[in-house]
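Laboratory data are not the source of any read-out in this text; all were calculated from the coordinates shown. In this text the structure is predicted, and so the values were computed from the model without any measurement. All Cβ positions, even for glycine, are placed from backbone atoms using ideal geometry, and neighbour counts span all protein chains on display.
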Amino acid sequence: METTAGKNAPSDKNHFAVAPGVTGIKIVFVNLFLVSNPGGSWVVVDAGLYGSAGKIKHIAEGLYGKGTRPTAIVLTHGHFDHVGALKELATDWQVPIYAHSLEMPYLTGLSAYPPPDPTVGGGAMAYMAWLYPKKPIDVTGQIQPLPADGSVPGLTGWQWLYTPGHTAGHISLFRESDRTLIVGDAFSTREPESAIAVVTDKKEVHGPPAYYTSDWVAARRSVELLADLRPETVVGGHGMPMHGETMLFELDELVHYFDQLAVPTSGRYVNEPAITDERGVVSLPPPVDNPAVSKALVTAGLVALAGMAVFAISRRKNQQNRFLDTLEDPTLRVY
């Protein structure tokens, strides 16, 4: 079966080619990936937001054929924006789910993650973090730990790498043959705290989403490990793919100036990480407790969200107007 990324795919501006056999799907503000083998089998990496299962299946059928299903779902981690459609997809497709063993408490209903920290600032995505779903999901009976040898179930030529910091059991995926790297939320290729960046998708290497990163020392080590791979293509949960020398330069800058570029100036986990183990959260540093700050965060988040909506509507109207101009002016038509 032909599985070349993009071939026979339905027209949808929210899916995009990453590398041979790797297609990304953007669900509002987060990405997931369909990764295929030369022989035709394929795997899903992460599972987007709640309510997105139909869209994911539609794009997959456009790429791989009607009624197709993957051999597995592999998770970089289990935050809400990476597992929203997980239950529905795993049940409909009847396929196993794989994640790092230290993610199991948050995927089997045993523990909630360390809570997000909206006080880190940086934009509406951070300010609104107090609104994000916090309860763990439970896919007991469908999920199992990744193989200890670093192989990725269902994929040839790929290995998983332990990259904690954003979460305790976070992983990234690397294909050495063409140096393609899927980083999850170990770092980002757009500013993850900014709602405007969600719309513009300006390509820039940034640290992990600060509002959900609970161990900054581990996060720094993980970025160093990934940079040492000298990838040719990188893509993650937030942002479009980046390639080549510009990407490597920005990634090296992130490594060298991680504390200045990625770590917030203040926040719950800046000076003390969350302590977790195989059962989940053991202890947490105290929250930043400032009622004035909390009120400001809520107001700023709502204002920024409204601004993002206006920006998106304006951009859509501009696109529609250009399309209408094309219909009205024969010299602009493409036949």
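A few remarks follow.
- Distance from the range 26-48 to the range 107-128 (C-alpha centre basis), Å: 24
- Distance in nm between pseudo-label sites at SER101 and HIS58 (7 Å out along the Cβ direction from Cα): 4.1
- Annotation: the residues GLU191, GLU278, sorted from fewest to most other C-beta atoms within 10 Å of their own C-beta, follow the order GLU278, GLU191.
- Working note: Debye formula, equal point scatterers on the alpha-carbon atoms of the range 1-150, no solvent; log10 I(q)/I(0) at q = 0.10, 0.12 Å⁻¹ is -0.36, -0.52.
- Inter-probe distance in nm under a simple model that places probes 7 Å from Cα toward Cβ, at ASP149 and TYR257: 4.4
- Among the trypsin sites (Lys or Arg not before Pro) found in the range 184-224, those both in a DSSP coil and sparsely packed, with 16 or fewer other Cβ atoms within 10 Å of their Cβ, are LYS202, LYS203.
- Rg/Rh (Cα only; Kirkwood hydrodynamic radius) as it applies to the range 15-296: 0.94
- For the range 15-296, the antiparallel share of DSSP beta bridges with both residues in that region comes to about 75%.
- Take the Cα of ASP178, step 7 Å toward its Cβ, do the same at PHE249, and the gap between the two points is 2.4 nm.
- Distant alpha-carbon pairs in the range 164-263 (separation over 24 angstrom), percent: 11
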